[in-house]
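One structure is given here, and the rest of the page talks about it.
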Amino acid sequence: MKKVVSLALLTTSLAFSQAGMMGGSEGLHQINANTLGQWKINVGTGGNIAFGSWGLSRGGVYEVRNKKGQYTRRYSFNDADYSQAGNFFVSVGVLDFVDIGASLPVYYEHANDKGPTGARGPAGYANMWTTSRGDLDIFAKVGLPFASTDSGFFKPALMLDLYVPTGERSAGVRPRHAWYLNGRDYTHPFTADDWVFGAGLALSFDFNKLGAPITWNLAASYVYPLKNFETNTLVYSTGVNWEALSWMTPFVEFSAEMRLQSKGRYKFDPLVDPMLLTPGLRFHLPYNVEFAIGLEVAIRAFVEGFDHYADIKGGKDHTIYYHGEHGVYARYGYASTPFISGAALLSIAFDANSKPKDSDGDGVFDDEDKCARTPAGTKVDADGCPVVDTEKLNREKAVADSLARVDSDGDGIPDVSDKCPNTVAGISVDSTGCMLDFDKDGVADNYDKCPNTPAGIPVSANGCPLDFDKDGVADYLDKCPNTPKGVEVDSTGCIMDSDRDGIPDFKDKCPGTPGGLSVDSLGCLPDFDKDGVADVFDKCPNTLPGVRVDDKGCPLNKKEDLDQLKKGIQFKTNSAKLTKNSYSTLNDIVELMNKIPEANLEVQGHTDNKGSEAKNQKLSQSRAQAVVKYLVKKGIGSDRLRAVGYGSEKPIADNDDAAGRAQNRRVELVPFSK
């Protein structure tokens, strides 16, 4: 599994990049540039856990060397195996911009064998099934001064780490860091077995300063092991935090280690090294307690998938050579991280500076101050509360009494209480010295001709509501304040319109129009074909002049009905040639136009949307012209006809099914005026 939760609000510990818990005040893995502040202390612990043998080695298998030095016997770890990682840490702010601390990791590998016949292998015998410690990390974070103010959107910090080789040798299975890989000798999963130094930079961006509840952190460190055959490594991470609630912050993070060179048997390959994607939640609890949970997902799960043989093959160039207890030598494929693991952290922060505070600066400490917000310069008693100045109170009372006897305007209200000190003599006033004004319209009751005007309504000098257009409706009720003089209006001040068609009664030639219908400028329903049936009720709105119609506006004689005649105009498939059956219909149209010489027709061609639009446009135009050509041939003047092709531009049905497309392939006959 990965590594333990690092729980310092500020831990810059690179030791836990693979483990999952980077610590800090945000998320699990990410490092920010914030510092604790002088004499602030943060302590914590945490961990993660992953199940499955593939988190121990590639494919969950390993081989053991025999007495001749040959690796001949292969063992499989048990599917119920798991790994745990954790750490205990403490960090202290020695200055406002400098933190130091230490973190000690602890590990547990449950590496149990299973053989093809149930035989047990040497995992436990070789100390692969074990509890152990890791390398102690002593760290420091230094906030850089050019961005040290709390109001800054951007903050950088320098990070330093010293890893002390306190981890147990010859224990564990999965190397906890990429720099533990020893290209010459045996790799120790829980220790680099030598001193290791790290240095890096953390950058924080606080979008709260710009009005968005988002923070973004970036960090990278260069790790240098002193052991020759261990590789220099880049440790890097980034995280985005959404401060959705004051008590909870969702986050998503990416953290990784990448060896920067090839050493011995291990070749440079960034995709083999640890890379984790971690979504999670961080909870901000009372008493400065922080709790976070997350799900660590390895990028190798997306690169190699969950195929056993592909996983083993992917680790052939990175074979771990391991020397355990009791002289057991083993080798196995390097698994940088488990595919999936769960992680959590818990921390608590407190202030070591115990100096009493005096927030209001009155000389009485806050824990004894019963009046903790006394204004500066105020004389206080032993409880921190203001001392009463009796002499001052008496002087102020004498001045107040003197003022209470002055009444400049003689209205009976002393000036000290008079809000209207210049009231005209003889006017009745209220208790504040202002003229009585029952309806509060600014006109005293003595002069108010409309004493009950609603509050807030503009009034004239006599206290009555203004009526600009003199229509008898006050402006505050008048929805039509510019009505012409002498025109009858309703209660809203608007010209009477009994049928609500938008045409005033004095202009309306059709005063009984049904509600909700559009009318023309005379208040009448539009009748396009002038057949006496309004368009809104007309089922045949293109009737030619003089044709007798029924109550629905359709011709009584079907041979005079353009909507019926158009159905008889047919064409050969994908052609502009008329079918023989069309000629009788066209002859009826010729007869109708001869009968009504003032009639003019626009022949419109339409298609469905099958085929290209250019082809459809051409076909529809050709068909319309074919009809016009026939009518002209039969003696109808060409100036009474016109052909227009619309292609598939104006469907009347859905083109997604055959029935709809059939309706869209049509000819329309539409009258027009010259």
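With respect to being of a type in the set (A, V, I, L, M), within 29 Å of His326 (Cα to Cα), modelled with pLDDT of 85 or more and buried (at least 22 other Cβ atoms within 10 Å of the Cβ), Met128 fits the description. Within the range 608-649, restricting attention to residues that are more than 60 Å from the chain's Cα centre (by Cα) and of a type in the set (Ser, Thr, Tyr), the residue that is surrounded by the most Cβ atoms within 10 Å (Cβ to Cβ) is Tyr630.
Residue-by-condition table, conditions (1) polar (S, T, N, Q); (2) farther than 17 Å from Pro274 by Cβ; (3) touching a helix residue (DSSP H, G or I) at 6+ places or on another chain (Cβ under 8 Å); (4) free of Cβ contacts under 8 Å to residues at least 12 places away in the same chain:
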site	(1), (2), (3), (4)
Leu162	no, yes, no, no
Lys209	no, yes, no, no
Glu230	no, no, yes, no
Thr233	yes, no, yes, no
Gly239	no, no, no, no
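Looking across Phe528, Phe537, one residue alone is within 15 Å of Leu601 (Cα to Cα), at pLDDT below 80 and loosely packed, with under 15 Cβ neighbours inside 10 Å. It is Phe528. Checked against (1) in a strand (DSSP E or B); (2) in contact with a helix residue (DSSP H, G or I) (Cβ under 9 Å, 6 or more places away or on another chain), Ile31 passes all but a single condition, namely (1).
Could you please give the count of residues in the range 212-264 that are of a type outside the set (Lys, Arg) and assigned to a strand (DSSP E or B)? Residues meeting the conditions: 34. The numbered conditions (1) modelled with pLDDT under 95; (2) within 23 Å of Ser25 (Cβ to Cβ); (3) crowded, with 16+ Cβ neighbours inside 10 Å are all true for Phe251 except (1). Counting only strands (runs of 3 or more DSSP E) that sit wholly inside the range 303-416, those with at least 1 residues that are more than 42 Å from the chain's Cα centre (by Cα) are 319-323, 329-333. Pairing each residue of the range 285-309 that is of a type in the set (D, E, K, R) with any residue that is modelled with pLDDT under 90, provided the two are 6+ apart or on different chains, yields C-beta distances under 6 Å for Glu296/Lys2; Glu296/Gly20; Glu304/Ala310; Glu304/Asp311; Glu304/Gly314.
The values are calculated or read from the model by the stated rules, or taken from the named source; none is laboratory data. Being a predicted model, the structure only gives us computed values, none of them experimental. Virtual Cβ from ideal backbone geometry, glycine too; neighbours counted across all protein chains shown.
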